[in-house]
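*Asks:* Sharing a structure below in structure tokens format, with a few things to ask.
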Amino acid sequence: MLRPATVDDVPLLTHWDQQPHVIAATGDDPGADWSAEIAEAEGDDVVQHLIAEEAGRPIGVVQIIDPARERTHYWGECEPDLRAIDIWIGEAADLGRGHGTTMMRLALDRCFAPGEVRAVVIDPLASNTGARRFYARLGFAEVGPRRFGTDDCVVYRLDRSTWEAGGTRT
Ligand SMILES: CC(C)(COP(=O)(O)OP(=O)(O)OC[C@H]1O[C@@H](n2cnc3c(N)ncnc32)[C@H](O)[C@@H]1OP(=O)(O)O)[C@@H](O)C(=O)NCCC(=O)NCCS
């Protein structure tokens with residue numbers, strides 16, 4: 001299940017940020033100030049920080065962002081009614097066991113719940129071949145390369161019609 005992150009999760013989120021597999025996927029992003037980010041996200045739907053739990057144990061994070069309205073304009077000028085996702089598993093021991101697939105399916109259900117949302121976008125580092133394969137298997141189409149800051153990324157997009165056609169719905 002996915003639940004909203006709270007300030008009680010800050011120590012765990014900070015610990016996960018220090019894991020080598022998380023750092024490797026992060027590029028030039030400075031570490032998050034989780035207390036501030038969680039406080040800022042409270043009470044609006046522009047950024048959602050969600051903790052994935054399995055049998056009550058936190059295993060990872062999903063962030064769902066409205067890229068057109070998000071404060072830093074990370075995605076630049078972009079069309080309305082999109083969602084952007086970030087996802088990571090916290091502990092290396094939990095990688096490659098199907099948790100990410102379950103988390104993405106739950107996250108996509110949330111993204112597309114508002115009927116106006118047209119597509120979900122995602123921006124793995126070009127070098128993150130494992131994550132790119134993971135998104136492709138979930139039905140995401142490769143849009144093309146894009147540089148965010150100093151990071152060479154590849155943008156992927158899942159349109160509502162593809163999601164509705166099945167395969168990625170829970
Ligand atoms: C990407 C990620 C969320 C996928 O979750 P997961 O639970 O490992 O994935 P699943 O078990 O559901 O699916 C396995 C697939 O995930 C992909 N994968 C990506 N990174 C992986 C890793 N470090 N270890 C194992 N599988 C990985 C592979 O495509 C794998 O399929 P394969 O058998 O074809 O190699 C997770 O691996 C992760 O947190 N990676 C580090 C952070 C990251 O890269 N986040 C994405 C940033 S855009």
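The values are calculated or read from the model by the stated rules, or taken from the named source; none is laboratory data. No experiment lies behind these values; they were computed from the predicted model shown. Please note: Cβ atoms are built from the backbone with ideal geometry, for glycine as well, and neighbour counts cover all protein chains shown. Side chains included, ligands, DNA and RNA excluded: accessible areas come from the protein's heavy atoms. Shrake-Rupley method; radii C 1.70, N 1.55, O 1.52, S 1.80 Å.
*Asks:* Which order do you get for S127, S35 if you rank them by accessible area with a 1.4 Å probe, largest at the top?
*Replies:* My answer, sorted largest first, is S127, S35.
*Asks:* Now, a different point. Find the Rg to Rh ratio for the range 2-122, where Rh is the Kirkwood radius over alpha-carbon pairs and Rg uses the same atoms.
*Replies:* 0.94
*Asks:* Over the chain, with a Gaussian network built from C-alpha contacts below 10 Å, which listed residue (C153, C111, C78) shows the highest mean-square fluctuation?
*Replies:* In the Gaussian network model the winner is C78.
*Asks:* Right, next: Protein chains only, probe 1.4 Å: how do M103, M1 rank by accessible area, largest first?
*Replies:* Largest to smallest exposure gives the sequence M1, M103.
*Asks:* Heavy-atom accessible area of W88 with all protein chains present, probe 1.4 Å, nearest 10 Å²?
*Replies:* Surface accessible to solvent at W88 totals approximately 50 Å².
*Asks:* Next question. Might you report the magnitude of the Cβ-based charge dipole of the range 2-122 about its Cα centre, with Lys and Arg at +1 and Asp and Glu at -1, to the nearest 20 debye?
*Replies:* Dipole of the range 2-122, to the nearest 20 debye: 460 debye.
*Asks:* Something else: With unit charges on the beta carbons (Lys and Arg positive, Asp and Glu negative) and the dipole taken about the Cα centre of the chain, which residue among A84, F140, A39 sits farthest to the positive side?
*Replies:* F140
*Asks:* With the other protein chains left in place, how much accessible area per residue, in square angstrom, belongs to the range 2-122 at a 1.4 angstrom probe? Don't jump to the answer; show the numbers that get you there.
*Replies:* Values: 6000 Å² over 121 residues.
On a per-residue basis, 50 Å².
*Asks:* How large a share of the accessible area of the chain, in percent, is made up of carbon and sulfur atoms when the probe is 1.4 Å and the other protein chains stay in place?
*Replies:* Of all accessible area on the chain, carbon and sulfur atoms account for 52 percent.
*Asks:* Next up: In a Gaussian network model over the chain where Cα atoms closer than 10 Å are linked, find which of L50, L12, L125 has the largest mean-square fluctuation.
*Replies:* Taking springs between Cα atoms under 10 Å, the residue moving most is L12.
*Asks:* When only Cα pairs under 8 Å and 6 or more residues apart are kept, what is the percent relative contact order across the range 1-51?
*Replies:* 58 percent
*Asks:* OK, next. Name the residue, out of G27, G56, G96, whose mean-square fluctuation peaks in a Gaussian network model built on the chain with Cα pairs under 10 Å.
*Replies:* Fluctuation is largest for G56.
*Asks:* When all protein chains stay in place, what accessible area (Å², nearest 10, 1.4 Å probe) is found for E37?
*Replies:* 70 Å²
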